[in-house]
Amino acid sequence: MRVRFWGVRGSLAKPGPTTLRYGGNTPCIQVVMDDGTLNIFDCGTGVHGLGQELMASGKKNMKGNILITHTHWDHIQGFPFFVPLFIPGNEWDIYGPGGMGNQLNTTLSGQMSYSYFPIHLEALGATVRFSNLGEGTFPLGGAKASLRYTNHPSLTLAYRLDSGGASLVYIPDHEPHSLHPLDAPPGTIPIHHEDRSHVNFLSGADLLVHDAMYTLEEYPSKLGWGHSPFQKVVDYAIAGKVKRPAFFHHDPMRDDDAMDKLVEEARRYAEGADHVPEIFAA
């Protein structure tokens with residue numbers, strides 16, 4: 001798999017001189033498989049630049065998969081600006097969480113109502129197919145896709161792709177079910193059974209893209225907002241023997257220098273663990 005980050009910022013796009021190195025666009029990553037299959041995870045503002053590059057390639061009859069984790073605005077706000085959706089001859093399969101009366105195509109169509117946007121969903125020129133997903137597995141091209149719900153205020157899916165011996169796990173929005181055990185060595189298995197299942201889902205990943213929006217000091221004032229302190233992400237990565245955890249969904253108030261310090265602190269936190277992953281921030 002070849003992975004490229006097009007948007008890594010959480011909640012609100014934050015362009016400007018203080019976010020040049022880590023980026024200000026909201027979530028979008030591109031994953032190209034060995035057989036050329038194009039997968040796009042989330043459609044935040046970053047998907048606009050991806051669409052521009054795909055159009056510049058001159059490729060005709062483009063095909064791809066768009067996998068939405070959930071329909072909070074920062075994960076779908078770039079969807080109407082993804083130009084390849086408007087080109088006849090292109091084909092896109094769009095996947096996302098269904099159920100609870102919140103079908104994916106209905107939500108995306110609502111975002112493109114005239115109150116918010118001048119073009120309706122029906123104006124898309126490409127062939128577009130919607131699939132509403134829940135927990136489980138399904139084949140995605142030559143890959144096995146696994147899905148698990150995360151702990152977030154909206155119905156949200158985490159995705160795992162396994163193909164050719166490589167594995168990618170994408171969890172952009174998730175809050176621990178419990179911080180316990182507190183003051184334990186890094187990588188200690190969580191007490192809460194849902195947190196243990198979370199570790200099992202990401203276990204052995206070559207690349208883990210995980211929400212790490214807060215610090216443990218910030219977290220108490222953000223309880224219930226649906227995001228993780230970075231120390232818990234390091235714990236998960238150590239416990240699951242992840243090779244490379246990539247911090248994601250960066251707080252819009254955290255500038256490049258603050259991100260550097262956060263990564264340095266995370267690496268110090270992991271020192272001396274039985275398994276020390278290669279920690280970086282997307």
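Given the conditions (1) surrounded by fewer than 16 Cβ atoms within 10 Å (Cβ to Cβ); (2) among the charged types (D, E, K, R); (3) touching a Cys at 6+ places or on another chain (Cβ under 9 Å), which single one is not true for ASP42?
(1)
Within region 47-65, restricting attention to residues that are under 17 Å from PRO88 (Cα atoms) and outside any loop (DSSP other than H, G, I, E, B), which residue is farthest from the chain's Cα centre (by Cα)?
Out of the qualifying residues, it is ALA56.
I'm trying to understand the selection: among the residues of region 10-36, which are open to solvent by 30 Å² or more (accessible area, probe 1.4 Å) and not small (Gly, Ala, Ser)?
Result: LEU12, LYS14, PRO15, PRO17, THR18, LEU20, ARG21, TYR22, ASN25, VAL32, ASP34, ASP35.
Suppose we keep only residues that are at pLDDT 95 or above and of a type outside the set (Val, Ile, Thr) within region 104-128. Which one would you say is surrounded by the most Cβ atoms within 10 Å (Cβ to Cβ)?
Ranking the candidates gives ALA126 first.
For region 132-140, indicate whether the set of residues that are small (Gly, Ala, Ser), in contact with a Pro (Cβ under 9 Å, 6 or more places away or on another chain) and open to solvent by 10 Å² or more (accessible area, probe 1.4 Å) is non-empty.
Checking region 132-140: at least one residue is small (Gly, Ala, Ser), in contact with a Pro (Cβ under 9 Å, 6 or more places away or on another chain) and open to solvent by 10 Å² or more (accessible area, probe 1.4 Å).
For ALA184, work out the one condition from (1) part of a strand (DSSP E or B); (2) farther than 21 Å from VAL209 by Cβ; (3) of a type in the set (Gly, Ala, Ser) it doesn't fulfil.
In the conditions (1) part of a strand (DSSP E or B); (2) farther than 21 Å from VAL209 by Cβ; (3) of a type in the set (Gly, Ala, Ser), ALA184 misses (1) alone.
If I ask for residues that are β-branched (Val, Ile, Thr) and closer than 25 Å to THR71 by Cβ, which ones from region 223-239 would you list?
VAL233
Of VAL8, VAL32, which residue is touching a residue at least 60 places away in the same chain (Cβ under 8 Å) and not polar (S, T, N, Q)?
VAL8
Find all pairs meeting these conditions: Cβ atoms under 8 angstrom apart; at least six residues apart or on different chains; first residue within region 160-180 and over 13 Å from ALA145 (Cα atoms) and surrounded by 21 or more Cβ atoms within 10 Å (Cβ to Cβ); second residue hydrophobic (A, V, I, L, M, F, W, C) and modelled with pLDDT under 95.
Short answer, once both residue conditions are applied: none.
Any chance region 93-103 includes a residue that's aliphatic (A, V, I, L, M), surrounded by fewer than 21 Cβ atoms within 10 Å (Cβ to Cβ) and either at positive phi or part of a helix (DSSP H, G or I) (or both)?
Within region 93-103, one or more residues are aliphatic (A, V, I, L, M), surrounded by fewer than 21 Cβ atoms within 10 Å (Cβ to Cβ) and either at positive phi or part of a helix (DSSP H, G or I) (or both).
The values are calculated or read from the model by the stated rules, or taken from the named source; none is laboratory data. If you're wondering where the values come from, they're calculated on a predicted model, not measured in any experiment. Cβ coordinates were reconstructed from backbone atoms using ideal geometry, including for glycine residues, and neighbour counts include every protein chain displayed. Ligands, DNA and RNA are excluded from the accessible area calculation, which covers all protein heavy atoms including side chains. Shrake-Rupley method; radii C 1.70, N 1.55, O 1.52, S 1.80 Å.
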